[in-house]
Amino acid sequence: MTGSFAANSLSSVKLLNLDHVAIAVHDLDAALAGYRSRYNVDPLYRETIEEQGVEEAMIPVGGSFVQLLQPLGPETSVGKFLSKNGEGLHHVAYAVASIEKALGHLEADGARLIDREPRSGGRGTRIAFVHPGDLGGTLIELVELADG
Ligand code: CMX
Ligand code: CO
């Protein structure tokens with residue numbers, strides 16, 4: 001099967017890196033203290049993103065990050081997730097070179113997009129989400145880094 005992927009517009013959707021794995025938590029300070037104590041790691045970035053309804057911290061792990069997400073309120077998407085599921089894995093995020101090209105390919109391939117246009121993420125990134133019902137029950141985020 002490996003060879004059969006070659007013709008599928010791979011240049012437009014090449015996944016450059018596992019940018020981050022996001023974990024929803026009730027208490028960001030407590031989660032960061034736990035990561036520091038257990039794994040001796042600290043966040044490189046921490047910011048509130050009002051439009052996404054979250055405060056997030058990014059802990060570097062090799063070439064990727066663990067993104068800890070605390071909802072700003074119970075009616076946000078992460079707040080609803082937490083009340084339904086409790087703390088746990090929320091989404092995985094893949095870095096792409098061009099988010100427009102990736103979205104164009106996914107739309108043409110019939111993917112169930114949440115975002116047809118990119119929105120702003122943390123670290124000056126541009127991001128877009130693909131619905132968890134599209135593939136593998138997993139919410140997927142595409143990330144175009146600020147510096148490409
Ligand atoms: N992973 C897997 N499934 C999820 C999910 C997640 N993260 N979030 C919700 N779902 C599931 C729910 O369990 C539910 O499943 P059932 O229909 O089987 O019950 C279904 O999706 C709908 O859930 P809902 O609570 O009714 O939530 P909404 O439909 O209002 O929204 C979603 C779901 C994914 C469209 C919404 O959360 C969204 O748009 N997410 C993208 C934005 C986001 O999450 N931003 C925060 C992260 C910010 C960042 O990364 O910086
Ligand atoms: Co994310």
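Do the conditions hold for Gly53, that is, is it closer than 19 Å to His20 by Cβ and touching a Leu at 6+ places or on another chain (Cβ under 9 Å)? Yes. Filtering region 61-87 to residues that are within 20 Å of Arg36 (Cβ to Cβ), open to solvent by 20 Å² or more (accessible area, probe 1.4 Å) and not aromatic (Phe, Trp, Tyr) leaves Val61, Gly62, Ser64, Val66, Gln70, Glu87.
Please list, ordered by residue number, the strands (runs of 3 or more DSSP E) wholly in region 1-102 having 1 or more residues that are at pLDDT 95 or above and farther than 20 Å from Thr138 by Cβ. Spell out the reasoning first.
Numbers: elements: 17-24, 45-49, 54-61, 64-71, 88-95.
Fully inside region 1-102 and qualifying: 45-49, 54-61, 64-71.
Restricting the first member to region 56-81 and to residues that are within 14 Å of ligand 2 (Cβ to nearest atom), and the second to residues that are at pLDDT below 95 and open to solvent by less than 50 Å² (accessible area, probe 1.4 Å), the beta-carbon pairs closer than 6 Å and six or more apart or on different chains are Glu56/Gly122. Total residues in region 103-148 satisfying the condition of being open to solvent by less than 40 Å² (accessible area, probe 1.4 Å), assigned to a strand (DSSP E or B) and touching a residue at least 60 places away in the same chain (Cβ under 8 Å): the figure is 2.
The values are calculated or read from the model by the stated rules, or taken from the named source; none is laboratory data. Predicted model only: the values in this text are computed from it and were never measured. Cβ coordinates were reconstructed from backbone atoms using ideal geometry, including for glycine residues, and neighbour counts include every protein chain displayed. Heads up: the accessible areas ignore ligands, DNA and RNA and are worked out on the full protein's heavy atoms, side chains in. Shrake-Rupley method; radii C 1.70, N 1.55, O 1.52, S 1.80 Å.
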